[in-house]
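A quick write-up on the structure given underneath.
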Amino acid sequence: MKPLILLVTLFVLAPCVRAQQSDLITNTENRKTISLDGQWQIIVDPYESGYYDYRYQPSNNGYFKNAKPKSKSELIEYDFDKSATLKVPGDWNTQMDQLFFYEGTVWYKKSFDYLPRLDTRVFVYFGAANYVADVYLNGEKLGRHEGGFTPFNFEVTKLLRDKDNFLVVKVDNKRRRDAVPTLMTDWWNYGGLTRNVKLIETPGTFVQDYMVQLQRGSRDRVSGWVKLAGDKLAQKVTIRIPEAGVNKSFATDANGLALIDFSADFKLWSPESPKLYDVTIEAETDQVRDQIGFRSLETRGTDILLNGKPIFLRGVCIHEEAPLRGGRAYSREDAVTLLSWAKELGANFVRLAHYPHNEFMVREADRMGIMVWEEIPVYWTIDWENPATLANARNQLSEVIARDKNRAAVVIWSMANETPLSDPRLTFLRNLITHARSLDSTRLLSAAMERHYLDPKTQMIDDPLGEFLDVLGCNEYVGWYDGLPEKADGIEWKSKYQKPLVMSEFGGDAAFNNHGDSLTRWTEEYQESVYKHQIGMLKRIPFLRGTAPWILMDFRSPRRPLAGIQDYWNRKGLISDRGERKRAFFVMQAWYRELNQNQ
Ligand code: GCU
């Protein structure tokens, strides 16, 4: 069975990647790395004249050559080393006022020396680059990556030299109809090298990837695999978990793949006790350490079971907006701040919207005991019938699952958000669901699905997508886009499915410190009233097993220009962008306290 999964993964990657993109190296936290973060020279290139010639044909002599005039007469019309710089990781929009609204190409250049090591391979790894990245080393094309929120790496062993290496990346965040996400979103299209960039050093044959998790619904049976990359693929690999008395060896096959299967007695990971074990994956030529939690997940009727017990997901949605400073969040500190605010709200669950956030978010959630809903940006009206769009979405799913499949905190993979009903849409999403299940059979699948009114007082969940999901997700804005807050008092919910529901969005906008009566829009009192009436309605839904109000903190959106109130911020945060708690925050906090006490 497992070799098929690997084949599927390799096949899926093929359409979107160029020749030299290596299989994703997972767990870069615990490998030998050299950071390339810091100031990078940049050239802003709205007409892509560093890539195309005046006939709009790709040029062989573009900015990736980092050319310097060899004589006083030679004509070179760019010079990275005399150009401005930007900090990496970081979006360009909040680093330079002129780039605040900029959507287009920016060229990045980083020069560095490298001390080669014997029997060592080197890869350049990007945590993410929004949206399309063309990567070059020393003037040679390494490849292209599409998708702004997942990691990718290229092997550079043969191209590296001791001195004056120059890594050049063309980053283009232009929105396209056939892209994922597509043209319209309700978040800022932060562009650039938005996450860490590093060199990874590995032995000739190394542990490229592995999955060490409990089987679905089991509390003691681990099944997974270890994948080697290199030329000595048939080896003995050993899994060591000293604290759990595990020391199990397996043999890799000719493709470097070992299937692993063993039982052990674990202290199970849960929000109350987020136990992580030190796990070593040892091959004859390489060794990788990781911190992994073990927990079982399943649904039974309308219940979600964690470690065999029914659980309520007390959640909140989060965008990857940096707390207190704005811009794309990227650091461990950003993650700890946002997750600590969620904990202060009383959350044991977060919905990371609407795209994979940086790895620090899921690793800190692992440590802090917060369950995670991860989503790929199949958002609103995607180009459903375009095969390249499907391949792109599948690739983003492959990459986020590859990166986070060993994180106990990640409990739900979400396929999409608010996508309009149609047969092409259902075919597209079913394809993603099959793909996700082939890559990871241990987690629950969901999506923020459509719902409709059966009659003025009854909301119905019968989106055909629900049939193929484990957990139903629904967004509703009763009291904000849909009537006034009191309207929720008379609303009942029905579902076609015997499955658990997570209300994946609800809420309303308020500018912090804007006060008035509870029927005055944009005031804290109005938002507070929305929440009070929402909670009343939510409590009456018999199959509700989780809630994730929209949203923890105000976030930037180009669709929100209301001057003096929004100023290009979506103000549905329970906390302002400056960290100020709004009245509704305390309403939600009180309910979560009550739920926690009754758990
Ligand atoms: C939608 C959507 C969010 C958006 C929110 C809003 O439901 O999923 O991305 O920001 O509503 O309108 O504030």
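Which of the residues that make up the range 136-166 are acidic (Asp, Glu) and on the phi < 0 side of the Ramachandran plot? Across the range 136-166, the qualifying residues are GLU140, GLU146, GLU155, ASP162. Note on the range 164-185: residues that are in a loop (DSSP other than H, G, I, E, B), crowded, with 19+ Cβ neighbours inside 10 Å and in contact with a strand residue (DSSP E or B) (Cβ under 7 Å, 6 or more places away or on another chain) total 2. Residue under question is TRP413, and the condition is that it be in a strand (DSSP E or B), crowded, with 18+ Cβ neighbours inside 10 Å and either hydrophobic (A, V, I, L, M, F, W, C) or within 16 Å of the ligand (Cβ to nearest atom) (or both); does it hold? It is true that TRP413 is in a strand (DSSP E or B), crowded, with 18+ Cβ neighbours inside 10 Å and either hydrophobic (A, V, I, L, M, F, W, C) or within 16 Å of the ligand (Cβ to nearest atom) (or both). Of all the criteria given as (1) surrounded by 14 or more Cβ atoms within 10 Å (Cβ to Cβ); (2) of a type outside the set (A, V, I, L, M); (3) under 30 Å from the mean Cα position of the chain (by Cα), the one not satisfied by TYR114 is (3). Inside the range 416-442, residues that are in contact with a helix residue (DSSP H, G or I) (Cβ under 7 Å, 6 or more places away or on another chain) and either in a loop (DSSP other than H, G, I, E, B) or touching a residue at least 60 places away in the same chain (Cβ under 8 Å) (or both) make up a count of 5. Just the residues that are of a type in the set (D, E, K, R), within 16 Å of the ligand (Cβ to nearest atom) and within 14 Å of PHE585 (Cα to Cα), please, taken from the range 484-535. Scanning the range 484-535 gives a single hit, ASP509.
Restricting attention to the range 370-385, the residues that are more than 15 Å from the ligand (Cβ to nearest atom) and among the hydrophobic types (A, V, I, L, M, F, W, C) total 4. Residues that are farther than 30 Å from ALA342 by Cα and touching a Gly at 6+ places or on another chain (Cβ under 6 Å) within the range 232-271 comprise LEU233, ILE260, listed in sequence order.
The set of residues in the range 61-95 being aromatic (Phe, Trp, Tyr) and closer than 11 Å to LYS109 by Cα consists of TYR63, PHE64, PHE80.
Counting only strands (runs of 3 or more DSSP E) wholly contained in the range 280-346, the ones carrying 1 or more residues that are small (Gly, Ala, Ser) occupy 313-318. I'd like to know if the range 192-199 contains one or more residues that are in contact with a Gly (Cβ under 7 Å, 6 or more places away or on another chain), buried (at least 23 other Cβ atoms within 10 Å of the Cβ) and of a type in the set (D, E, K, R). Yes, that holds for at least one residue.
Residue-wise test of (1) without any contact (Cβ under 8 Å) to a residue 40 or more places away in the chain; (2) within 14 Å of the ligand (Cβ to nearest atom).
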residue	(1), (2)
MET537	no, no
LEU544	no, no
THR547	no, no
LEU552	no, yes
ALA563	yes, no
TRP569	yes, yes
LEU574	no, yes
LYS582	no, no
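Picking from residues in the range 150-163 that are within 24 Å of ILE318 (Cα to Cα) and in contact with a strand residue (DSSP E or B) (Cβ under 7 Å, 6 or more places away or on another chain), the one that is farthest from the ligand (Cβ to nearest atom) is PHE152. Considering the range 281-302, the residues that are surrounded by fewer than 16 Cβ atoms within 10 Å (Cβ to Cβ) and touching a residue at least 40 places away in the same chain (Cβ under 8 Å) include one that is nearest to LEU472 (Cα to Cα), namely GLY301. Please specify each residue of the range 354-369 satisfying the condition of being more than 16 Å from the ligand (Cβ to nearest atom), out of contact with any Leu (no Cβ under 9 Å at 6 or more places or on another chain) and either of a type outside the set (S, T, N, Q) or in a helix (DSSP H, G or I) (or both). Those that are more than 16 Å from the ligand (Cβ to nearest atom), out of contact with any Leu (no Cβ under 9 Å at 6 or more places or on another chain) and either of a type outside the set (S, T, N, Q) or in a helix (DSSP H, G or I) (or both): GLU359, PHE360, ARG363, GLY369.
With respect to LYS487, determine if the residue is over 24 Å from the mean Cα position of the chain (by Cα) and either over 26 Å from GLN534 (Cα atoms) or in a strand (DSSP E or B) (or both). Spelling it out, it is not the case that LYS487 is over 24 Å from the mean Cα position of the chain (by Cα) and either over 26 Å from GLN534 (Cα atoms) or in a strand (DSSP E or B) (or both).
Applying the criterion of at least 3 residues that are buried (at least 17 other Cβ atoms within 10 Å of the Cβ) and at pLDDT 95 or above to the strands (runs of 3 or more DSSP E) found wholly in the range 203-262 leaves 206-214, 221-229, 236-241. Selection over the range 90-132 of residues that are part of a strand (DSSP E or B), among the aliphatic types (A, V, I, L, M) and touching a residue at least 60 places away in the same chain (Cβ under 8 Å) gives a count of 3.
The values are calculated or read from the model by the stated rules, or taken from the named source; none is laboratory data. None of these values were measured; they are calculated from a predicted model. Every residue, glycine among them, receives a Cβ derived from its backbone with ideal geometry; neighbour counts consider all protein chains shown.
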